[in-house]
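Novice: One structure, as structure tokens, below. Some questions next.
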Amino acid sequence: MAIQYFYSEPDNVLCVKIKVPVVLAEEEVQVIVDNVAALPELAQKIDHIDARLLDFEARPVFVHENGDRWVSVIEEEGWERFGWHWVKHRQPVVKKVLVSGTLHKQIFYVDKDDHVKHVGEDIPFADDVTLDVPQPVVDEDDVFVQLHHKKIDMRWDLRRGSRLHQTGVMIFQVKVVEERQIFVQVCPQLDRKCVRGVNLVKDGSFEAWGTNTAPVFWGASNVLRYNNGALMGNIPNEPASLFQTINRQGANNNNIVPTGEYRLCFDAMEIPGFREVLGGTASFNLTAELLFYDLYGNMVTGETKTWNAGNIADQSFTNLCLNAVAPEEAREALVRFSFEPNSLNTSAVVIDNVKLECMRVQNRYFEQFYQG
């Protein structure tokens with residue numbers, strides 16, 4: 001399918017003048033070339049004839065008429081709206097198409113000794129086609145003819161062994177085309193995109209670590225590498241944090257699109273009794289934040305969600321999510337997890353499979369189109 005997307009235009013739109021081919025007329029043309037050829041020797045029969053077109057061309061034929069005769073057509077096609085000019089007293093009109101070329105043939109015949117031989121033949125031809133509906137044009141110099149679906153059917157009759165009567169029937173489509181200038185609305189280039197299914201977070205599965213307490217792509221404190229995730233609360237009764245900034249034009253095409261609807265999801269698992277504390281128990285809050293910042297680094301808005309120890313399963317992952325909408329002035333986002341224990345907490349929390357995804361875009365931007 002074509003690359004396409006939906007776009008809701010803002011109040012002011014940018015229009016650019018371009019030149020495009022406009023099809024004025026479309027006709028099926030049939031040209032018949034009939035001739036008699038003398039073979040160089042007597043033949044038992046004709047095996048077959050290969051035929052193709054050489055130097056094939058077509059050109060429009062113009063007449064000039066009083067422009068008043070074409071006012072209704074010109075108004076219906078909206079010439080004035082597009083800025084196309086017409087001539088009141090000498091309006092060019094295309095009524096016919098001239099076609100010409102050479103029908104090249106290779107005639108394969110069987111001689112008296114049962115040998116297959118061939119002889120070539122070139123037959124020039126020319127014909128004209130009258131359009132069903134004549135068409136006024138803006139500029140004769142911008143009109144041309146396109147040829148499509150050329151077919152050749154050869155028929156023949158061998159007479160007295162050497163005289164070959166042939167009929168070549170050529171059928172093709174002609175399109176009379178004029179290049180005209182129009183204004184078109186320009187959509188934003190595709191680097192401002194919201195593509196569903198793309199994770200904007202780098203290393204959301206925590207596979208890259210500098211040391212056991214320092215993930216490469218994340219800022220972290222009181223965090224430990226733990227199996228395939230990041231454990232928050234290496235010291236369970238002290239706060240822990242894990243965060244990453246997503247730039248508008250970041251690496252790996254990570255983009256924050258203004259008015260984009262974003263979803264932050266991750267897996268969380270409690271590790272009870274990670275460190276033993278006398279009289280301790282599982283007592284903590286886990287907070288996930290998705291915050292948006294403007295061009296100058298000022299926080300504009302964001303979403304925050306908190307879960308306590310009772311909301312997170314022990315020794316198995318729970319998938320947790322929150323949604324947020326980026327404001328118009330958003331240029332980057334911050335994904336942050338905060339682990340907030342009380343002084344007697346003994347549990348830690350493992351974070352894994354962090355994913356920040358743009359779901360769709362509101363207002364003046366667009367969303368990628370998918371065909372179901």
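Yes or no, residue by residue, for (1) at pLDDT 95 or above; (2) outside the structural domain of THR346 (by TED's automatic domain parsing); (3) over 34 Å from the mean Cα position of the chain (by Cα):
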site	(1), (2), (3)
LYS202	no, yes, no
MET232	yes, no, yes
GLN249	no, no, no
GLY279	no, no, yes
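Novice: Which of the strands (runs of 3 or more DSSP E) found entirely inside the range 147-247 contain at least 1 residues meeting this: crowded, with 17+ Cβ neighbours inside 10 Å, hydroxyl-bearing (Ser, Thr, Tyr) and touching a strand residue (DSSP E or B) at 6+ places or on another chain (Cβ under 6 Å)? Reasoning before the result, please.
Specialist: Details: elements: 163-185, 209-211, 219-221, 223-226, 229-232, 240-247.
Answer list for the range 147-247: 223-226, 240-247.
Novice: Yes or no: GLU28 surrounded by 13 or more Cβ atoms within 10 Å (Cβ to Cβ) and either closer than 30 Å to ASP157 by Cβ or acidic (Asp, Glu) (or both)?
Specialist: No: the conditions fail for GLU28.
Novice: Using beta carbons and a limit of 6 Å, which pairs, at least six apart or on different chains, have the first residue in the range 132-145 and among the aromatic types (Phe, Trp, Tyr) and the second one part of a loop (DSSP other than H, G, I, E, B)?
Specialist: Nothing qualifies.
Novice: Which one of these does LEU344 not meet: (1) over 26 Å from ASN298 (Cα atoms); (2) among the aliphatic types (A, V, I, L, M); (3) modelled with pLDDT of 95 or more; (4) surrounded by fewer than 22 Cβ atoms within 10 Å (Cβ to Cβ)?
Specialist: Going through the list (1) over 26 Å from ASN298 (Cα atoms); (2) among the aliphatic types (A, V, I, L, M); (3) modelled with pLDDT of 95 or more; (4) surrounded by fewer than 22 Cβ atoms within 10 Å (Cβ to Cβ), LEU344 breaks only (3).
Novice: Does at least one position in the range 96-108 carry a residue that is surrounded by 15 or more Cβ atoms within 10 Å (Cβ to Cβ), more than 22 Å from ASP55 (Cα to Cα) and not aromatic (Phe, Trp, Tyr)?
Specialist: No; the residues of the range 96-108 include none that is surrounded by 15 or more Cβ atoms within 10 Å (Cβ to Cβ), more than 22 Å from ASP55 (Cα to Cα) and not aromatic (Phe, Trp, Tyr).
Novice: Sticking with this structure for a sec: What is the one condition in (1) surrounded by fewer than 16 Cβ atoms within 10 Å (Cβ to Cβ); (2) in a strand (DSSP E or B) that HIS85 does not satisfy?
Specialist: Status for HIS85: all satisfied but (2).
Novice: Tell me which residues, restricted to the range 350-372, are at pLDDT 75 or above and among the charged types (D, E, K, R).
Specialist: Hits for the range 350-372 are ASP352, LYS355, GLU357, ARG360.
Novice: Just one of LYS95, LYS105, LYS19 is in a strand (DSSP E or B), without any contact (Cβ under 8 Å) to a residue 60 or more places away in the chain and of a type outside the set (Gly, Ala, Ser); which is it?
Specialist: Result: LYS95 is the single residue among LYS95, LYS105, LYS19 that is in a strand (DSSP E or B), without any contact (Cβ under 8 Å) to a residue 60 or more places away in the chain and of a type outside the set (Gly, Ala, Ser).
Novice: Consider the range 260-301. How many of its residues are crowded, with 17+ Cβ neighbours inside 10 Å, of a type outside the set (D, E, K, R) and under 27 Å from ARG360 (Cα atoms)?
Specialist: 11
Novice: Please determine, by comparing only the residues of the range 84-109 that are farther than 30 Å from ALA43 by Cα and either of a type in the set (A, V, I, L, M) or not assigned by TED's automatic domain parsing to the domain that holds SER72 (or both), which one is modelled with the lowest pLDDT.
Specialist: This residue is VAL87.
The values are calculated or read from the model by the stated rules, or taken from the named source; none is laboratory data. What you are looking at is a predicted structure, and each value in this text was computed from that prediction instead of being measured. When we count neighbours, we look across all protein chains shown, and the Cβ atoms used for this are built from the backbone with ideal geometry, even at glycine.
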